[in-house]
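Peer 1: Take a look at this one; I'll ask things after.
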Amino acid sequence: GVAIHAMDSFFWGFDAKYVTYAQTRGFKESGFAADGAVQGFGWENIWTLSTGLEFQPASRVVTRLGYNHSGNPIPDALSMFNAPAPAVVQHHATLGLGYRFEGGFGVDVAYYHAFENSIAGPMQTPAGPMPGTQVRSSLSENSILMGFSYAPGAAKK
């Protein structure tokens with residue numbers, strides 16, 4: 001990752017990660033075992049790219065804006081195996097606001113939105129995919145977060 005603190009009131013960060021799901025037990029396996037049990041999710045490795053801005057317009061107020069893009073780790077053909085964990089969202093956006101009170105107490109509020117994404121593939125059996133069937137997974141998310149902090153001396157900046 002890279003971070004730039006250009007001015008006292010402006011901060012920018014960027015991060016790239018390579019997530020190795022395909023080498024992780026429970027995620028790398030897919031399909032059915034000899035006894036008919038599902039072996040795993042069958043996820044692929046992905047890249048994630050994140051960026052964020054923080055701006056401090058006043059000594060006690062901080063605003064934040066962020067964006068994340070990630071690959072989709074789930075191949076369409078494995079949609080059925082991933083119905084319990086449809087982690088297919090690829091675009092995420094965040095907005096945040098923080099306030100520092102006298103004495104070092106702080107409160108931060110943020111909104112998070114993961115934009116809808118879908119995958120679809122055939123229903124699978126131990127004998128293979130069932131022709132003419134489709135399992136579709138779709139996911140989007142919205143969340144509001146609130147955090148409280150205490151950092152003695154932080155409010156004196």
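The values are calculated or read from the model by the stated rules, or taken from the named source; none is laboratory data. Just so it is clear, the model here is predicted, and its values are computed rather than measured. Virtual Cβ from ideal backbone geometry, glycine too; neighbours counted across all protein chains shown. Keep in mind that these areas ignore ligands, DNA and RNA; they rest on the heavy atoms of the full protein, side chains included. Shrake-Rupley method; radii C 1.70, N 1.55, O 1.52, S 1.80 Å.
Peer 1: Can you tell me which residue among 86, 75, 126 is in contact (Cβ under 8 Å) with a residue 40 or more places away in the chain and more than 23 Å from the chain's Cα centre (by Cα)? So that I can check it myself, show each step before the final result.
Peer 2: Working: 86 fails: more than 23 Å from the chain's Cα centre (by Cα); 75 fails: more than 23 Å from the chain's Cα centre (by Cα).
The unique qualifying residue is 126.
Peer 1: Under the condition of being open to solvent by 50 Å² or more (accessible area, probe 1.4 Å) and modelled with pLDDT of 95 or more, which residue from segment 64-93 is farthest from residue 123 (Cα to Cα)?
Peer 2: Checking each candidate, the answer is 64.
Peer 1: Name every residue in segment 42-56 that is open to solvent by 50 Å² or more (accessible area, probe 1.4 Å) and under 16 Å from residue 73 (Cα atoms), in order of residue number.
Peer 2: 44, 47, 49
Peer 1: Now, a different point. Taking residue 59 and the conditions (1) out of contact with any Lys or Arg (no Cβ under 7 Å at 6 or more places or on another chain); (2) among the small types (Gly, Ala, Ser); (3) surrounded by fewer than 16 Cβ atoms within 10 Å (Cβ to Cβ), which numbered condition does it fall short on, given that it satisfies the others?
Peer 2: (1)
Peer 1: Considering only residues that are at positive phi and open to solvent by 50 Å² or more (accessible area, probe 1.4 Å), which ones fall in segment 116-156?
Peer 2: 132
Peer 1: How many residues, within segment 94-110, are modelled with pLDDT of 95 or more, open to solvent by less than 60 Å² (accessible area, probe 1.4 Å) and either small (Gly, Ala, Ser) or more than 30 Å from residue 43 (Cα to Cα) (or both)?
Peer 2: Matching residues across segment 94-110 total 6.
Peer 1: Output the number of the condition that residue 100 fails; it satisfies all remaining conditions of (1) touching a Lys or Arg at 6+ places or on another chain (Cβ under 6 Å); (2) closer than 22 Å to residue 128 by Cβ.
Peer 2: With respect to (1) touching a Lys or Arg at 6+ places or on another chain (Cβ under 6 Å); (2) closer than 22 Å to residue 128 by Cβ, residue 100 is out only on (2).
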